[in-house]
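Please read the structure below before turning to the comments.
Throughout, read-outs are computed from the coordinates displayed, never taken from laboratory work. What you see is a predicted model, and the numbers here were worked out from it, not measured in a lab. Methodologically, a virtual Cβ is constructed for each residue, glycine included, from the backbone with ideal geometry; neighbour enumeration extends over all protein chains shown.
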Amino acid sequence: MTELAISGMTCESCATHVRQALEKVPGVRSAQVSYPKGTARLTLAPDTPVAALVSAVAAAGYRARVPEAAPDPSRDGFFERARHWFGSGQKERGGGEVLHVAVIGSGGAAMAAALKAAERGARVTLIERGTIGGTCVNVGCVPSKIMIRAAHVAHLRRRSPFDVGVSAAEPTILRDRLLAQQQARVDELRRGKYESILEVSTAITVVHGTARFTDAGSLTVVLRDGGEQVVAFDRCLLATGASAAVPPIPGLADTPFWTSTEALASSDIPPRLAVIGSSVVAVELAQAFARLGSQVTILARNRLFFREDPVIGEALTAAFRDEGIEVLEQTQTRRVTHAGGEFVLTTNHGELRAERLLVATGRTPNTRGLNLEAAGVKVDEQGAIVVDDHMRTSVPNIYAAGDCTTQPQFVYVAAAAGTRAAINMAGGDAALDLSAMPAVAFTDPQIATVGLSEAEAHRSGIETDRRTLTLDNVPRALVNLDTRGFIKLVAEAGTGRLLGVQAVAAEAGELIQTAAIAIRAGMTVHDLADQLFPYLTMVEALKLAAQTFTKDVKQLSCCAG
């Protein structure tokens, strides 16, 4: 019999909810929950992970933890393993001291590092000045993808390739209800994936406050509830993330403009929305608001996705214009004013007016205020902490990971970096290889890339061969009646080694990891063309694109190998 301590219950009904949640976990054979005792007694299959039990209870709105003492030591060391999983079994360093790791932040990089450090026996102090969970779960990836999906559903109800046989209708957008649904899922994920995990980890102490370096071995934390706390550390990880960058446009700072944070939390869909920016956040939110009912204009200083292969921006611009989204290229905003509930943007192509203005021109590392100079930590011109592939900074015992560094600003990169940083802080040797890092923009069609573009390969002195396959050659796209986009493969001339893939397609994000694995494995386009791909899938486009290096796929039968 296994026992958990349950907190947060206020009545017998709560106990029923906890029991039902636990009974749904694979491996739980029976569960008895007592509200008066605040316990759950479980009969489990061997090796049922305690993390799954804790997460199930957290998802139901309560908290579970492993008691300090195991009530049943005959349970094959279950509680000993459980406490180890959550960091209570700390390993000692030479001289009997436990390694103390300070982590500033609580997002993807910070959490990955804190958990890995605890797993490896360290004592961790995690310092968070704001909301636990960081950008991704609270104001970034999660809420934006929920909004984008809702907008996609609205778009399909209004317009789809099958309108000839499936009647379309203008949807009614109840933004307040969509926002409530969005926030509920954000709260659930923050609770289940961050807060509840920290609560059961006895090796991790959470301090709510703002940290700054005193020197290379200690921090001063201004506590949220008042006062200060000094935190001395053996190792420190900086994982403070980034915030929306605000360009120095005259008048902008005096207006109620949106960043992505305000846009995602907005309870209204403005009649007209102007968007300054041309990369991922700008285009994702521009299309979402357009599909929810706004008249959207994008102001791009260059073109959409100007840092990527030009064909990507061209394909997305065409798709946006087809939906009625206005894309103004080579447009610079010279002044912004706001009066009478209306923004007026003065540009090199005239004036533009809108009820709302979204500024999405990149993100700035959150490094100001850390007093990095006191510790000797170096940053680049943008304020990003300079790190190597082991997440080491210019100071031997201080590491950094995530969006506050010179690494790419993706949460999965941050988490991978945080894990490796923790290994290295504990004496390991783990590097982060970004040579086959996939990236996705969740527009429709989606944009996905991995590896080198033609231009990047040429800058590295590599001669290339490349093929571009339009989606009217892909059976899945044909039966979907949606042939917008392409698949482009870049290979090394002579050897055929796959160097990079760029894709614009309805489900590009679902196929790009296959390309990443192929690049990581050193496959050639000929190897890729010879693989078995399931018929009528979008990922089959990779095989077809690879086949174009040696044959005309228009002359093949629909599923020719």
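Assorted remarks:
- Under 14 Å from LYS554, Cα to Cα: aspartates and glutamates that are on another chain or at least 8 residues apart: ASP472
- Positive end of the dipole of the chain (Cβ unit charges, origin at the Cα centre): among PRO143, ALA521, ALA430, the Cα lying farthest that way belongs to PRO143.
- The range 288-366 and the range 487-561 have their alpha-carbon centroids 33 Å apart.
- Exposure rule at most 13 other beta-carbon atoms within 10 Å, DSSP loop GluC sites (Glu not before Pro): the chain longest free segment: 98-380
- Close amide H contacts of ALA122 (hydrogens built in the peptide plane, cut-off under 5 Å, sequence separation of 5 or more or a different chain): LYS91.
- Under a 5 Å amide H cut-off, with hydrogens placed 1.01 Å from N, ASP465 pairs with ALA491, GLU492, ALA493 among residues at least 5 apart or on other chains.
- Looking at the range 305-346, the trypsin sites (Lys or Arg not before Pro) that sit in a DSSP loop and have at most 12 other Cβ atoms within 10 Å of their own Cβ are ARG307.
- Cross-link pairs beyond the 32 Å C-alpha cut-off, checked among LYS24/LYS145; LYS145/LYS551; LYS145/LYS378; LYS116/LYS488; LYS37/LYS193: LYS145/LYS551; LYS145/LYS378; LYS116/LYS488
- The residues packed around GLU323, meaning those with a beta-carbon under 12 Å from its beta-carbon, carry a net charge of +2 if Lys and Arg are +1 and Asp and Glu are -1.
- Each Lys and Arg Cβ is given +1 and each Asp and Glu Cβ -1; about its Cα centre, the chain then shows a dipole of about 700 debye.
- Expressed to the nearest 5 percent, the antiparallel share of DSSP beta bridges inside the chain is 65 percent.
- If the chain linking CYS11 and ARG353 were pulled fully straight, counting 0.36 nm for each residue of separation and taking away their Cα-Cα distance, it would gain 117.6 nm.
- Between the residues GLN181, GLN409, PRO67, the greatest Cα displacement towards the positive end of the dipole of the chain, with unit charges on the Cβ of Lys, Arg, Asp and Glu, is found for PRO67.
- Dipole size of the range 403-561 about its Cα centre, with +1 on Lys/Arg Cβ and -1 on Asp/Glu Cβ: approximately 160 debye, rounded to the nearest 20.
- Taking the Cα centre of the range 384-454 as reference, the dipole from Cβ charges on Lys and Arg (+1) and Asp and Glu (-1) amounts to some 220 debye.
- Three-way shape label, the range 391-486, alpha-carbon gyration tensor, a/c 1.5: prolate
- Fewest-first ranking of ILE517, ILE132, using other Cβ atoms within 10 Å as the exposure measure: ILE517, ILE132
- Projected label points at THR468 and LEU434, each 7 Å from Cα along the beta carbon direction, are separated by 2.7 nanometres.
- Per-residue ellipticity at 222 nm from helix content only, as computed over the chain with -39500 (n - 2.57) for each DSSP H run of at least four residues, stands at -9000 deg cm²/dmol.
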